Amino acid sequence: MSIETVIVPDIGADEVEVIEICVAVGDTVAAEDSLLVLESDKASMEVPSPVSGKIVSITVNVGDQVSQGSAIMEVEVEGASAAAEPAIEAPAPAPVDEPAPAPIAAPAAAPAVSAVQAVNVPDLGGASDVECIEVCVAVGDVIEAEQSLIVLETDKASMEIPAPMGGKVVSLSINTGDTVNVGDLILELEVAGAADAAPAAVAEAAPAPAAAPAPVEAPAAAGPAGVQTVTVPDLGGASDVECIEVCVAVGDVIEAEQSLIVLETDKASMEIPAPMGGKVVSLSINTGDTVNVGDVILELEVAGAEAAAPAPAPATAPAPAAAVPSQSYEPKTPSMPRSEVVEKHGDVYAGPSVRMLARELGVDLHLVKGTGPRGRVSKDDLHNYIKARLAEPAPSANTGSGIPAVPAVDFSKFGPVREEKMSKLHRLTAENMSRNWLNVPHVTQFDDADITELEAFRSSVKAEAEKQGVKLTPLPFLLKACAAALRANPKFNASLAADGETIVYKDYVHIGVAVDTPAGLVVPVIRDVDKKSIYQLAAETAELGKKAKDRKLTAAEMQGGCFTISSLGGIGGKGFTPIVNSPEVAILGVSKLDIKPVWNGSEFVPRKMLPLSLSYDHRAINGGDAGRFFTQLGDFLADIRRLVL
């Protein structure tokens, strides 16, 4: 057993934040398992384990800032001691042969050698003929690893392709406007440090003959092949992502970096590559499934463990150094999410961490002005936008979202004024009226109802009603007629669901009655109007009206209405446009009774006509529906005997 310290690899940034630790002390991890997740202002990236073993200590916490070379954790590596012990005994014979001085002379010739590396287009998540919208470097530029080379754009997203290593650009093969595919040559880099790597390999190889027996025994220490679990990696903050394709089957022998599945969000599609080669022994995901970070994709039987151990032995030969200049480098697929992947929505450019934060805060990134390269939106831009919005004055009840506010006016310039604070009830009424007017597409139809016979009947039973202890007004008759019309026209006794895709039909008839009080407008609700008598309705309306004016109504007595009646009959007027009390879909306005001449076929006769105004939500009710409702309501009021049919 030996303890290995895991450090932060090259991350292309000075300092980054630890946003998630994926393991705990005591966990057993395999090579390439995610240890923690780092996040910069450009992207989030997972740091994989370079070895298999047991976590013995973790030296960072969520929220810490780390940089390249920082210690992350310590891993107890099984089997490493077998190789370590021969290495301890080896130094004794090494001074006898003294092969070390040879590598010392090698660096003298090395600086004169430089290698030219080809950089190709990496895996683009299944996209082809992708347009290059920007070339970020020029021939002669000296660049660093992870520096952006080009920017590619599909119809769903844009992405920057980073340099896999530092060096000098000696040729460019892509221009702005070109279309590229996986494997196309981007540029060639002159890598000045490549020659230094060869002597280092030779230097390490020199003492190898003394320790040569150790690598031979390494396969035995490695043990038999194991089954590795492959999970869904970091998806840039996305959740419940759909799997649109499974690229392998049980029994397939696959290579490292081979595509396993293809995931698709509403923004882009991405292929998930194999972190290692092996044989697929089980699949846990099917096409159409939704997955999240950490879900199991499949299990791999890794048969290449023995082959990896003896690999250091052949390093004694200088052949790898000669092969380096001809090697073609292609940025690995896993490194793409670690680069600055910028998704495009219209004209919005932002990294995954910024988009995730915007989703959490409920901010539309189209409204945020980006200050980064090419207008990229950073976290600072998002925070500044939120601060600016919070500093804005809250919209008053007289304005709506996106509607310009009424400019403030100093009325005292024109004469004496006085100000009174609006009551809470008045403010709530104003807010509800504004919301209903802005959200409901109103239509109002007008008609007159002939209530001559109804008024004659009401007058004839007034004395009887007084004996019952009630004052009989036209309102109970209106309530009863409206209840019958609502039963005959279910579209009026309904509400639109919040999703805007369904209509809720109600099997009860509760009608609200608007009451004008000194404190403001209130609407008590009379329940089961269709099941009550005229006298019962008269008594209940009088009781609720009194409670409203005394401000003794409970919240329950003002909820659950299906329809509303707003009457100005006792005040005056010939008509008005009442505002629908959403989520109800209609409201009836009643104006002052008037005697009008009506042609009966042979002559004009005076009739008592009641002006009515019917406002309705045009999303739920059409003009024909309103016409039928109005006609039936007028028939019920003209001849109340129809209410018993």
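The values are calculated or read from the model by the stated rules, or taken from the named source; none is laboratory data. The structure displayed is predicted, hence computed values, not measured ones. Cβ atoms come from the backbone with ideal geometry, glycine included; neighbour counts cover every protein chain shown. Note: areas computed on protein heavy atoms with side chains; ligands, DNA, RNA excluded. Shrake-Rupley method; radii C 1.70, N 1.55, O 1.52, S 1.80 Å.
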For this session: Check the straight Cα-Cα distances from Lys421 and name the aspartates and glutamates below 18 Å, setting aside those fewer than 8 residues away within the same chain.
Result: Asp410, Glu431
Seminar exercise, completed: Applied in sequence order to the stretch 561-566, the curve 6.51 cos²θ - 1.76 cosθ + 1.60 (Karplus, θ = phi - 60°) yields integer Hz couplings, x standing for Gly and Pro, of x, 9, 7, 10, 10, 10
For this session: Please label the shape of the stretch 460-613 as rounded, prolate or oblate, based on the square roots a ≥ b ≥ c of the eigenvalues of the alpha-carbon gyration tensor (a/c under 1.5 means rounded; beyond that, a/b larger than b/c means prolate, else oblate).
Result: oblate
Seminar exercise, completed: Rounded to whole angstrom, the alpha-carbon centroid of the stretch 10-70 lies from that of the stretch 478-506 at a distance of 59 Å
Problem set entry | Mean Cβ count within 10 Å, highest first, over the residues of peptides 253-260, 551-558, 603-610 | 253-260, 603-610, 551-558
Exercise. Ranked from highest to lowest mean number of other Cβ atoms within 10 Å per residue, what is the order of the peptides 410-418, 613-621?
Worked result: 613-621, 410-418
For this session: Classify the stretch 423-539 as rounded, prolate or oblate, taking a ≥ b ≥ c as the square roots of the eigenvalues of its Cα gyration tensor: rounded when a/c is under 1.5, otherwise prolate if a/b is larger than b/c and oblate if not.
Result: prolate
For this session: Mind listing the long-range amide H neighbours of Val116? Cut-off is under 5 Å, sequence gap 5 or more, other chains count too, H placed in the peptide plane at 1.01 Å from N.
Result: Val191
For this session: Show the residues, 5+ positions off or on another chain, whose built amide H is closer than 5 Å to the amide H of Tyr349.
Result: Val377
Problem set entry | Accessible area of the stretch 466-574 belonging to carbon and sulfur atoms, whole % at 1.4 Å probe | 53 percent
For this session: Give the peptides 541-549, 55-63 in descending order of average Cβ contacts within 10 Å, highest first.
Result: 541-549, 55-63
Exercise. Applying 1/(1 + (r/R0)^6) with R0 = 35 Å to the Cβ-Cβ distance of Asp380 and Ala555, what FRET efficiency is obtained, to the nearest 0.05?
Worked result: 0.20
